[in-house]
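A.B. asks: I am attaching a structure below and will ask some questions about it afterwards.
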Amino acid sequence: MNNPPSGVRTVANMALVGGRPAVDFVNTLSDRTVDPPRELLNSFDDLLVWAVRVELFGKSEARRLAASAREHPRKAAEALAHARALREALFGLFTAQIERRNPPAHALAVLNGILEEGLQKRRLESTDHGLCWTWAEKPSRLDWILWPLAWSAAELLSSSEVARLKECGQDDCRWIFLDLSKNRSRRWCTMEECGNRAKARRHYARGREARNEKR
């Protein structure tokens, strides 16, 4: 796979600012007000790269899934399509919480459908540190990644932390994040990118107003 040009955002270098895997997953589609928006999940390999970055599973599991995807390209394409569908359902559910709206029925149905299937594979396992949740089978199905993502989203949506969800203040970004600051004053997904862009726009606008006043 060729390396992207310098400065191009990919799943390998995108900022993980969401605060939860499910939120960062939603941010794999950015610039949502632009036509077309910026898609970061362009292949099943992209999905695997992102999953390893957020530690949904390790590199050995990713290699096994990548090999299976090469053997079954049609199933890999279907798994990628299902992942994108879950992502858009989560975007709808998260933005509904941010805007204090009722959750979209279709989006909730998509999430519940994946939860129903995935929860059948959840088990409590005894470890040296006590009981912990695990999956009853190792990643093998190409759409396995949807189960931990749906679990992450359901835990967030049913917790008090859902009230801390925010959308980036930069109009053309629409990335989502959990504002975990003490006074809940965070405005941008990242200060380095959207925060500085907003500052630059305000500076330009003030300069233009000053020039107009001198005319």
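A.B. asks: Given a Förster distance of 25 angstrom, what is the FRET efficiency for residue 53 paired with residue 108, based on the Cβ-Cβ distance and rounded to 0.05? Can you show the working numbers first?
C.D. replies: Details: r = 27 Å, r/R0 = 1.10.
The formula returns an efficiency of 0.35 here.
A.B. asks: Short version: ³J(HN,Hα) in whole Hz for each residue of segment 62-70, in order, from phi by Karplus 6.51 cos²θ - 1.76 cosθ + 1.60 (θ = phi - 60°), x for Gly and Pro, what are they?
C.D. replies: Rounded to whole hertz, the list is 5, 5, 5, 5, 5, 5, 5, 5, 5.
A.B. asks: For segment 47-130, with all protein chains present and a 1.4 Å probe, just round the carbon and sulfur fraction of the accessible area to a whole percent.
C.D. replies: 51 percent
A.B. asks: Each label point is 7 Å from the Cα along the Cα-to-Cβ direction; what then is the distance between the points at residue 125 and residue 161, in nm?
C.D. replies: About 2.2 nm separates the two model spin labels.
A.B. asks: Related question: Projected area of segment 127-168, taken from the Cα convex hull and averaged over every viewing direction, in nm²?
C.D. replies: That works out to 5.1 nm².
A.B. asks: Which three extents, in whole angstrom, do the alpha-carbon atoms of segment 47-194 cover along their principal axes, largest first?
C.D. replies: Each principal axis gives a Cα extent; for segment 47-194 these are 45, 39, 34 Å.
A.B. asks: 5 Å is the cut-off here: which amide hydrogens, built 1.01 Å from N in the peptide plane, fall below it relative to residue 165, excluding neighbours closer than 5 in sequence?
C.D. replies: The answer is 179.
A.B. asks: Output the Cα-based Rg and Dmax of segment 92-171 in Å, rounding Rg to one decimal and Dmax to a whole number.
C.D. replies: Both quantities, over Cα of segment 92-171: 15.3, 48 Å.
The values are calculated or read from the model by the stated rules, or taken from the named source; none is laboratory data. All values derive from a computational prediction rather than experimental measurement. Heads up, the Cβs are rebuilt from the backbone with ideal geometry, glycines too, and the neighbour counts pull from every protein chain shown. Keep in mind that these areas ignore ligands, DNA and RNA; they rest on the heavy atoms of the full protein, side chains included. Shrake-Rupley method; radii C 1.70, N 1.55, O 1.52, S 1.80 Å.
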